[in-house]
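Written out below as structure tokens is the structure these notes cover.
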Amino acid sequence: MTLVVVTIRPAQPDDAPEVAAVWQAAWHDGHRGHVPDALVEARDGAYFAQRSRDLLDHVTVAVDGERVLGVLITSGDELQQLMVSDAARGRGVGGLLLAEAERLVGADGFSRIWLAVVPGNTTARRFYESHGWVDRGEEVYDAVTLQTTTVAVPVRRYVKDLTGRPPR
Ligand SMILES: CC(C)(COP(=O)(O)OP(=O)(O)OC[C@H]1O[C@@H](n2cnc3c(N)ncnc32)[C@H](O)[C@@H]1OP(=O)(O)O)[C@@H](O)C(=O)NCCC(=O)NCCS
């Protein structure tokens, strides 16, 4: 049995291409069939390449020494993206990145963290719920594209209290 040590660290400029590749593949796994076709079409290689460069200061990666296994993006009190490469799923990498998201947002002074997840992404919803996140109901998320337009996506808002108090 090979012991794989996973490190969680801020992304470096050299990571950007791998961040884009992991993010693109996992985003399509989690969203294809659950969001408008216009958004799937807009989320092409150029989108992920540019956004990975633009958002690099907000990106945390999970690495096994050689490869990027997972990508986390937080901004303010929002967990914007949590993506694990297909081959690395089910081994706790997502749980490590989720804990890091909660730590980062709490360290920035917020008492609550939130995210948007599409209703049909039941794997992700179960995952968040098993980590103490609570479904706060439906809303519409304006998903950005490289064009000036956004795509309106029905989502569920999930939240987690970071103070240790039970959810109200
Ligand atoms: C959702 C996602 C990030 C979870 O990442 P992951 O690395 O598979 O997460 P984990 O391995 O920590 O946990 C996943 C499940 O595997 C199980 N698991 C955790 N550690 C494990 C381990 N060491 N060995 C085997 N199974 C394990 C857990 O029971 C967990 O089940 P749960 O959902 O009931 O909690 C991943 O499936 C993904 O990237 N999906 C595509 C993109 C996506 O949908 N992102 C979310 C958008 S909002």
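Nothing in this text is a laboratory measurement; each read-out follows from the coordinates by a stated rule. Predicted, not measured: the structure shown is a model, and the values here were computed from it. Ideal geometry is used to build each Cβ from the backbone, glycine not excepted, and the neighbour counts take in all protein chains shown.
Alpha-carbon geometry of segment 7-161: the Rg and the Dmax are 14.6, 39 Å, given in that order. Averaging Cα coordinates gives a centre for segment 110-151 and one for segment 4-72; these two points are 17 Å apart. FRET efficiency for the Ala46 to Glu78 pair, using the beta carbon distance and R₀ = 25 Å, is estimated at 0.55. Taking 7 Å steps out from each Cα toward its Cβ at Gln147 and Glu66 produces label points 4.1 nm apart. Taking 0.36 nm per residue of sequence separation and removing the Cα-Cα distance, the Ile8/Arg103 pair yields an extension gain of 33.0 nm. Given Cα pairs under 8 Å that are at least 6 residues apart, what percent is the relative contact order of segment 1-98? Reported as a whole number, the value is 34 percent. So if the hydrodynamic radius of segment 7-93 is defined as the Kirkwood radius over C-alpha pairs, what does Stokes-Einstein give as its diffusion coefficient at 4 °C and 1.567 mPa s, in µm² per second? It comes out at roughly 99 µm²/s. Along each principal axis, taking the top coordinate minus the bottom one, the Cα set of segment 84-163 gives 34, 34, 24 Å in descending order.
Taking the helices alone, the chain has a mean residue ellipticity at 222 nm of -10000 deg cm²/dmol, built from -39,500 (n - 2.57) per DSSP H run of at least 4 residues and averaged over all its residues.
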